[in-house]
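Below is one structure, written out as structure tokens; the observations come after it.
The values are calculated or read from the model by the stated rules, or taken from the named source; none is laboratory data. Here the structure is a predicted model, which is why all the values come from computation and not from measurement. Heavy atoms of the whole protein, side chains included, go into the accessibility calculation; ligands, DNA and RNA do not. Shrake-Rupley method; radii C 1.70, N 1.55, O 1.52, S 1.80 Å.
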Amino acid sequence: MIIFDKSKNETHHPNSNFKKLCRRLRLFTKVKVNKEELSHEELKDCSIVIIGSPKLPFKEEEFRVLAAFIENGGSVAIFSSEGGDYASKSNLNVFLSEYGMSIDRSSVIRAVYHKYLHPKHALITNGIIQPEIGEEKDIPLVLSGKDSSATQYTTRPQDEACDSTSSLSFVYPNGTTISVFTLLSSGTTSYPVDCPLAAAWESDNIMGRSHNDKKRPGRLIVVGSSDIFADDWLDKEENGKLCDVFFRFLLGENIEFDSSQGRSDFEEKECVPDISSLANLVKSCIQENEPRTRDYNSM
């Protein structure tokens, strides 16, 4: 069973923005909306918890419940939005800090116009960091956990792949960046340039919680945009294929994101002056002297 949390006034859930995603997941498992505080009893029969851009802070006990849920083999998907915790008045970074992650207080925009009018609807064509995503993108989510022997899906060999970063295009609407080992980046045509957008974490312990009763490690995915799989964007570009890969990972399929296969050479962020604010400040100037006369006799 998959639970969409709605206890913290989340903007994305099956009744709002995640309707298509909910229908996609209902093809193979039960879906439930949680309106109460997260508890061990509430998550007892659950395999995935989805948190879509909360507007209220979680309690420490709820974070402990989520941590225990992951440690026992469960999966959690967290979707944020531009501005991070500061804009949403949430406290997700308190929970994510335990996994070496943090959601930045920023916004991703496309530096040049292409296909989508709004600059915050960034089309990214070279933002795939993990080669596994491009290799697994053509396997439908609906076949997850079922006998797919009737249809053979082949992945492209690693040595034939020209550039794994361009193996899948996606739209990243109204999102922020993330500080951690990454799955996606903002590419070269968005600003901030080449910054992490999504991250994954996997537990070392293999427990027995899964949709098909197979033992698997607990997993966590964090995405800086809650709109990336929303109703208006799920069918844009290859967002649907990216969604399938992410949820197959969360459901315990044999998908592994290895930090040694992806990139880790992201440049450190540097603070630069706010040119716009500085331009509006009062500036000092050198006092002008009276012009000198050309008649040297009068000097």
Margin query: With every protein chain kept in place and ligands, DNA and RNA left out, what is the accessible area per residue of the stretch 1-100? Probe 1.4 Å, answer in Å².
Written below: 44 Å²
Item checked: Hits among lysines - C-alpha to C-alpha of Lys89 under 30 Å, sequence gap 8 or more where chains match -> Lys6, Lys8, Lys19, Lys20, Lys32, Lys35, Lys44, Lys55, Lys59, Lys120, Lys236, Lys269
